Every structure is written in C-alpha cells, then in structure tokens.
Amino acid sequence: MSNSIAQNRSFGAAMWDYLTTVDHKKIGIMYLVAGGFFFLLGGLEAMAIRWQLIKPENDFVSAGFYNELITMHGTTMIFLAAMPLIFALMNAVVPLQIGARDVAFPFLNSLGFWLFLFGGILLNCSWFLGGAPDAGWTAYAPLSTISPGEGVDFYVLGLQISGAGTLIGGINFLVTIVNMRAPGMTYMRMPLFTWTAFITSTLILFAFPALTVGLFLMMFDRLFGSGFFDASMGGNSVIWEHLFWIFGHPEVYILILPAFGVFSDVFSTFSKKRLFGYTAMVFATVLIGFLGFMVWAHHMFTVGLGPAANSIFAVATMAIAVPTGIKIFNWLFTLWGGNIKINSAMLWALGFIPSFTLGGMTGVMLAAASADYQYHDSYFVVAHFHYVIVGGVVFGIFSGLHYWWPKMFGRILDETLGKITFWTFFVGFHLTFFIQHFLGLMGMPRRYWVYLEDQGLDFGNLISTIGAFFMAIGAIVFLYNVVITSIKGEKAGADPWDGRTLEWSIPSPPPHYNFTQTPLVRGLDPLWIEKSEGRKGMTPAEPLSDIHMPNGSILPFVMSLGLFIAGFGFIYQKYDLAWLSLVFIGMGILLGSMLIRSLKDDLGYHIHKEDLEKEARK
Amino acid sequence: MADKGTEVHEELDYHKYKKKEEMKRQVITFALMIVFTIIAFGMVVSGLDKLFIIPIILVLAAVQVGFQLYYFMHMSHKGHEMPALMLYGGVFIAFLTVLTMLVLIWW
C-alpha cells in the first residue's frame, strides 16, 4: 500500500515527507544518503592526498591546500561519514531488533539528523569562503588558534552544531534501548548489534561533552579574544589536547563498537549458530567502553606528561587488547563448525578479522610509550589507524549495508557486484596502507605535503597511491550496485537470510509502525527459537489494538537551519559586528521554533485496529 | 468474600504505612537540608578560617545533592538502577577529567 502511494506522489510531496519525517527508518535512510555523500567527499580528498604523494616533490596541490585536504579528510571521514553511517544502521535496525514501534524521542531523532547535516554543510562551506580548516583534524592549539582566515572557525562551529546532533541522537538511543524493549526482551537477550549501539550511545553521552567544552573554549579563543590555550595570557595549549582526546579516544570506540555488533550478527546468521560466548561478548563490549575512557593520553605520549603518567596510560591501553581478543576468538568460534554461507556481507566480516587484528597488533606496539617516541607522527600511525578504522568501521558498514539492505529497501544488493566491490576494496586497502607501516618506520612523517627523492620512500608511496585507486573503484562499483539494485534488484521477502533476530519477523521494508502486534520474546535469537519450534513468526504479546504514532514536524529542520545561520554570524562578527544580526536572526529562528514546540500540543495520531485488519487481509 | 475484604484492607494499610514512612523521611531530609544551609551560612558569617570552611561546605553540598537525588527525586526507589549507573558513570568521567587537569597541567 505504501508503495502505491509513493508512486502517485509528486516529488515535492516526497521531499516534504522526508523533511518532516520522525520515522526512524526514513531518518536512517537520510543518514545513509548524507553520510554516503560525505564519505565520497572525504574519499575525493583522500584521492587528492594520494595523488600529491604519488611521486617525490610533486606539485599537484600547494602546501596550504594540502593542509586543508588532510584536515578535511580526517574531519569529514570521522564526524560526517563514519558516525552518520553508523547512525544510519542504528536507526534502521535497533528499534526493529528490540521489537519497538519507534524510538523513544522521534522528534529529537529528527533534530539530531538535521543538526548533523547542517553542521556538516557549514563545515564544508569553508571550501568556498576563503579556505577550509588547515590545522589537522585534531586542531591542536596553538596552531589552530593562530591559523589565519576563517577555516578553523568553520571547524569549530560546524563540529559544535553537528556534535550537538550526535549527542541528541545518542541520548535518544540510550532511552530507546532502556525503555522500549518488547516484553521478554531482557538485556541479556538483546542482539549484539543492539548491545553495541547501547554502549556506543553511553560513550557518546559521556564523551561528547568534552568536545563541546573544548570547542567552546577554542571558539572564545579565536572569536572573542580569550586565552584558554594561549600561554602568553596564562593559558595552556595542552588543555585542548586533553579535552580533544578525552572525547577523541572514546570516539574511536563509538565508531568501532557498532561495527563489532554488525559482525556478531552477520557471523551468527551466516554460520547458522548462536553467537559463541554471548555473555563474554557483552562483557567485552562493556569493558571496552569502560576502558576507552582511561587511555586518551596515549595520543599524547610525546607531549611530556612524565614517565609515571605515560606508564599508567600505556598499561591501560594494552589492557584493551584483552576484551578485543576475547571478541576475535568468539567470532572465530562462532564460525567453527557452523553451516557457513559466504556472501558479500559475510565476505566483509571475514575480511575484517585479519585486517582489524593487524591494526590491533600495531595498536599494542604504539601503546608501548617508549617505543611510541619512534612511531609518533610517522606514517606508522597513519597505517595503524586506517587499519582499525577502515578495516574495522568501513568494513563493518559495508557488511551491515549488505546484510540489512533488504530490510531497509526491500531489495537484495547484487551479489556479483558486491563481491567485486569487496575484492577490489580489500586488495586496494591492504595495498594502500600495509606499505605505510614501513614508510613510517623508514621515517616518513605524517602530514608533510612532499618528500625528497631517493630516500627509499618513492616506490612505497607509488604502491600506496595505486592501492587508493583500487579502493575508489570498489566504492564506485558499490554505488553502481545501489543504482542497479534499486532499478531491477531482486525483491526481498521478510526473511531473506533465514535470520535469527526480530527485524526479520516483519515485512521488508517494514510498515511505518514496524510491528502490528508487539512480539513476545522468549530468549536470545527470538525468531530462531520460534522457527526451530515450527512456528512461522513471532507470537504476539498483545491483542490487535490501535497504534499510537507521533506526527511529523518541520521544526527540527527549521531549528537546525537557525543554528546554521547563526553559525555564519558567529564566524564573521570578528570582522564586523554588523554580522551579529545573523546571530540574532538564527538564534531567533531556533528559539521561536522551540517556543512553538513547547506551546503547541502535538499528541500524535492513532492507526485504528480496523485499518490494521484491512491491511492484513490484502 | 470476607477474606478478600481484609486482604484489600491490609494492602491499603500497607500502602498507607509506606506513604507515611516516605513522608517522614522527606520531612527529615528537608529539615536536615535547611540545617545544613544554616550551618554553611553561619560558618561564613562567623569568619572562621577559609581552609576550614571551604572543605566543610563542599562536604555539606555533596550530602545535599545525595539527599536531593535519593529522597526528593526518588532514586532510593526500585527501578532507578539505570539512572544511578549513568549518574555515577558521568561523575566518574568528570572526576577523571578534573583529576587529569589538576595532576598533569596545573601542578
């Protein structure tokens, strides 16, 4: 029914529908589109970086532009590509996995998305307005506080706005998972992806405030003449580094944990076994989240914290290898003796294990504080974090997309194209980054725009650039796959993979109320339990009755637009106070929308029992 | 019938008793909080040594926050394990942050 309506609607109506939607599935799709766009943008920046480094003393880009490229590549990939794509999967899947009809705060969910998008757009506006930020994605003071122009101002304001969106999204998922689980869905029956989404949301809740505070201090230093990071005014630039990494280290676990969750679900589905060591997996996830807050200073070993502090943080960092190792072995044991089916989703998961383990090994090497003095700021570090972020997070996103694409869009991604994507990307990835370990050990520093001839770096860099092109081809094939699949892809049933968890018990794509009747969960892998006892679907936990749904609203879009406008005002008022008018207009729009939201009753609507019955008979 | 009647009656009594207890506790904490505030003000007015006043005021403040959370915001009741966990988690992270700033930067 929803399909026939979609076909009859005009483009404008569909657009309005997406602008005002509070449906977690549509918000998930918007996160996917926006995150995918920024992923391509970040990829383009990466290609420019690699092209510049293809030969010694290349002059493809200028030194200043190279700084902008590396800064924006890192910032875009972390904040605007990886995080939103993770949120896309969480939005699409978590409510379905716990048997909920929607998230706890649908309005906030939509607000979180629009804040992220407008923050990202604000950040990228800098390209056209006098130059992008150029102080590295870590924006260390004092480089960032004295960087001329408005580049770093865009970094501060853009990340502040999109960071607020992420924080809101994280809180929403926390409350959703705590409060909205179906009857019988105890914590220890939640699928691993939901568990990791839960821990990730907790990390967002605790880590993002540090970034918010850091960005505010930097905003005041750059725009309002304060001196938090200025030693000549009694400040201290190391404060920024601490605040950034108190946020920044949990951030990498925010990214990787949901990927771990994807792999756990994929391995158990395609091995036809329940996840090996489920309890240990949950425990390891919680432990990684906990330890993630106690290791941030391993990014700062060379700052001069002293041997005592360095040792404490080195030991804490190495401790993280233990829960991660538990996870790796549990995945291997899940595969062991399973009825394994290798398709695209599974390929990404299988490719992840050796790739991520390599990244983990170099991680332990880097954790040794004394050795880190050698590796610090060299390509060895670049190789390490690309192994964990690409080999972990990006592989996880691809795996999750192949796995849940049928649930999100009702069509199965083409397998042949999927396998081509995997192999080109996988080979390209190792070609690009494996050699960078050795480039780093040979002394090639990070963030330099050129290197000299005949220092043993020429050939390695050439190989690395060739590898990057393979990765680009892989990404393009995936895009082609998406287009081809949406035109003439194989239609998916409710349960194309013979799945184990709740999301496979409802149609693909699900109706906007998800579950006609809330399901009764009788154990881990609830759908599998019902199937193994000969039932076709879940037993409902409630009689068929009216469903209460929230109304859509344009306010989240308008509020984010207000902050976007105010952002420009904050940046340009440093030249002319007349720009403050933009701050007043933007904040006025924001506060006005908040007032409307507070004063206007919006009680939602009901889907009536009779309509649900009619739907079921069709 | 009669049995059921007494049962309901007993349950009602139980709830009444519970409510009374709760009320008693709230009044006691309220009184204590006022006393704490008076002590804090009194110490400042009496002009004692700063090094003595500040730690005591901080301790009193911490106890008051505890009262607020547990008696007025009902964290002592069942079903508040998750908010408690989150609160203590947040306090822990904030403590670590402040500790780092103290130890690694300002000392």
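Computed from the coordinates by the stated procedures, all read-outs in this text should not be read as laboratory data. Everything quoted here is computed from the prediction, not taken from an experiment. Positions of Cβ are backbone-derived with ideal geometry, glycine not excepted, and every protein chain shown enters the neighbour counts.
Enter the Cα centre distance for the pair the range A:495-559 and the range A:49-63, rounded to the nearest angstrom. Computed from Cα coordinates, the inter-centre distance equals 52 Å.
Under 5 Å between amide hydrogens, built in the peptide plane, is the criterion, and for A:Ala541 it picks out A:Thr518, A:Leu520 among residues at least 5 positions away or on other chains.
Mean separation of Cα pairs under 8 Å and 6 or more residues apart, divided by the residue count, gives chain A a relative contact order of 16 percent. Approximating the spin labels as points 7 Å out from Cα along Cα→Cβ, the A:Asn179-to-A:Thr416 distance works out to 5.0 nm. Under 8 Å for C-alpha pairs, at least 6 residues apart: give me the relative contact order for the range A:229-371, rounded to a whole percent. Worked out over the range A:229-371, it gives 31 percent.
Treat the count of other C-beta atoms within 10 Å as a stand-in for reagent exposure and order A:Trp504, A:Trp127, A:Trp449 from fewest to most.
Fewest-to-most ranking of A:Trp504, A:Trp127, A:Trp449: A:Trp127, A:Trp449, A:Trp504.
Each peptide in A:549-556, A:420-427 receives the mean, over its residues, of other Cβ atoms within 10 Å, and ordering these scores from highest gives A:420-427, A:549-556. Across all Cα atoms of the protein assembly as shown, the radius of gyration (one decimal) and Dmax (whole number) stand at 27.5, 101 Å.
By other beta-carbon atoms within 10 Å, ranking A:Leu223, A:Leu217, A:Leu123 with the fewest at the front produces A:Leu223, A:Leu217, A:Leu123. Computed 3J(HN,Hα) for the range A:448-465, one whole-Hz value per residue from the Karplus formula 6.51 cos²θ - 1.76 cosθ + 1.60 where θ = phi - 60°, is 8, 7, 9, 9, 7, 6, 6, 10, x, 9, 4, 5, x, 5, 4, 4, 4, 5, glycine and proline marked x.
Amide H contacts for A:Gly136 (H built 1.01 Å from N in the peptide plane; partners 5 or more residues away or on another chain; cut-off under 5 Å): A:Thr71. Sorted ascending by nearby beta carbons within 10 Å, beginning with the fewest, B:Lys18, A:Lys55, A:Lys273 become B:Lys18, A:Lys55, A:Lys273.
Averaged over the residues of B:97-104, the number of partner chain Cβ atoms lying within 10 Å of the residue Cβ comes to 5.
Of interest is the spacing of the C-alpha centroids, which for the range A:562-618 and the range A:248-289 amounts to 35 Å. For the set A:Lys272/A:Lys531; A:Lys272/A:Lys536; A:Lys26/A:Lys536; A:Lys26/A:Lys491; A:Lys407/A:Lys491, the pairs lying more than 21 angstrom apart at their alpha carbons are A:Lys26/A:Lys536. Scoring A:396-403, B:80-87, A:163-170 by mean Cβ neighbours within 10 Å over their residues and listing the highest first yields A:396-403, A:163-170, B:80-87.
The phi torsions of the range A:206-221, fed into the Karplus equation with coefficients 6.51, -1.76 and 1.60 and a -60° offset, translate into couplings of 8, 8, 5, x, 4, 5, 4, 4, x, 5, 5, 4, 5, 4, 5, 4 Hz, rounded to whole numbers, with Gly and Pro shown as x. Packing here is the average count of other Cβ atoms within 10 Å per residue, and on that basis the peptides A:346-357, A:187-198, A:42-53, A:597-608, highest first, run A:187-198, A:346-357, A:42-53, A:597-608. The mean count of C-beta atoms from other chains within 10 Å of the C-beta of residues in B:85-93, rounded to a whole number, is 3.
Coupling constants for the range A:496-504 follow from the phi torsions by the Karplus curve (6.51 cos²θ - 1.76 cosθ + 1.60, θ = phi - 60°), and in residue order they are x, 9, 6, x, 10, 10, 4, 4, 8 Hz; glycine and proline get x. The Kirkwood radius of the range B:62-107, taken over pairs of alpha-carbon atoms, gives through the Stokes-Einstein law at 4 °C and 1.567 mPa s a diffusion coefficient of 107 µm² s⁻¹. Less than 5 angstrom separates the built amide H of A:Arg411 from those of A:Ala492, all sequence-distant by 5 or more or on a different chain.
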